[in-house]
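Novice: First the structure, which I've put down as structure tokens, then a few questions once you've had a look.
Any read-out appearing in this document is the output of simple, stated calculations on the displayed coordinates, not a laboratory observation. Model, not experiment: these values are computed from the prediction. Backbone-built Cβ (ideal geometry, glycine too); neighbour counts: all protein chains shown.
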Amino acid sequence: MTTASIEVEVASPHYAETVFKVFNNFYIIAPKVNPQAFKSIETLEGDGSVGTIRLFTFGDGIPFTSGKYRQDAVDASNLSQSYTFFEGDNLMGILDSVKADVKIVPSADGGSVFKQKITYNCKGDEKPSAETLNFEKELYEKTFKAMEAYAAAHPEEF
């Protein structure tokens, strides 16, 4: 099986614990701050813990309509989590799954760094194009920055 991957790294002035809380609410915040990308994110099973299944319905700015993901891990003490997209047209007919590993790292200045590695597990030798990978990397960076701005405007929620 062939793989492709991208890495997203965004510095934040916010405490690592706050960024982790914000990212754990991705399913609530992302459709508010980037509706062109995320029309809705619905919980189909679970409560956000390991095993939770969510359905992403993508907005008009995304070339896919939907994707389902499973929460694989949530580790609040290490400020990390992982999830896997396992079904939907976001797999482009060439992927078995898309796995994301997220880690929030405290920085020396009191802020943090959001780090995300996304691995595309291909069915065969065909990989997502460089254009697709760059689009997705930019989408994750843009959405993270918008979520960060939302958190700054609504500190009472975090």
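Novice: Find, to one decimal place in angstroms, the Kirkwood hydrodynamic radius of the stretch 82-124, where the mean of 1/r is taken over every pair of different Cα atoms and then inverted.
Specialist: Result for the stretch 82-124 stands at 11.8 Å.
Novice: Amide H neighbours of T65 under 5 Å, counting only residues 5+ apart in sequence or on other chains, H built in-plane at 1.01 Å?
Specialist: Correct list: D89, N90.
Novice: Another question about this same structure. Equivalent-ellipsoid semi-axes (√(5λ), Cα gyration tensor) for the chain, whole Å, largest first?
Specialist: Here the semi-axes work out to 25, 17, 16 Å.
Novice: When the chain is modelled as a GNM with alpha-carbon springs shorter than 10 Å, which of A100, A11, A108 fluctuates the most?
Specialist: A108
Novice: For the chain, what relative contact order do you get, as a whole percent, if you take Cα pairs closer than 8 Å and at least 6 residues apart?
Specialist: Answer for the chain is 30 percent.
Novice: Then there's this: So, in Å, what gap is there between the alpha-carbon centers of the stretch 104-156 and the stretch 2-44?
Specialist: The two parts, judged by their Cα centres, are 7 Å apart.
Novice: Moving on to the next point. If you take the square roots of the eigenvalues of the alpha-carbon gyration tensor of the stretch 3-52 and sort them as a ≥ b ≥ c, do you get rounded (a/c under 1.5), prolate (a/b over b/c) or oblate?
Specialist: Rounded is the answer for the stretch 3-52, as its axis ratio a/c remains below 1.5.
Novice: What FRET efficiency, computed as 1/(1 + (r/R0)^6) with R0 = 30 Å and r the Cβ-Cβ distance, is obtained for D109 and A149, rounded to the nearest 0.05?
Specialist: Result of the calculation: an efficiency of 0.95.
Novice: Counting other Cβ atoms within 10 Å, which trypsin sites (Lys or Arg not before Pro) in the stretch 98-150 have at most 14 and lie in a DSSP loop?
Specialist: K123
Novice: Still on this structure, please answer the following. Could you give the nm distance between label points at E17 and E138, where each point is 7 Å from its Cα heading toward the beta carbon?
Specialist: That separation, rounded to one decimal, is 3.7 nm.
Novice: Read phi for every residue in the stretch 102-115 and hand back ³J(HN,Hα) as whole Hz from Karplus 6.51 cos²θ - 1.76 cosθ + 1.60, θ = phi - 60°, with x for Gly and Pro.
Specialist: Calculated HN-Hα couplings, in order: 10, 9, 9, 10, x, 10, 4, 7, x, x, 7, 10, 7, 10 Hz.
Novice: Past the 23 Å Cα-Cα mark, which pairs from K39/K142; K21/K145; K39/K103; K68/K137; K21/K115; K103/K142?
Specialist: Beyond 23 Å: K39/K103.
Novice: How much of the DSSP beta bridge set in the chain is antiparallel, as a percent to the nearest 5?
Specialist: 100 percent
Novice: Between Q71, Q36, Q116, which gets the highest mean-square fluctuation from a Gaussian network model of the chain, Cα cutoff 10 Å?
Specialist: Judging by the Gaussian network model, the answer is Q36.
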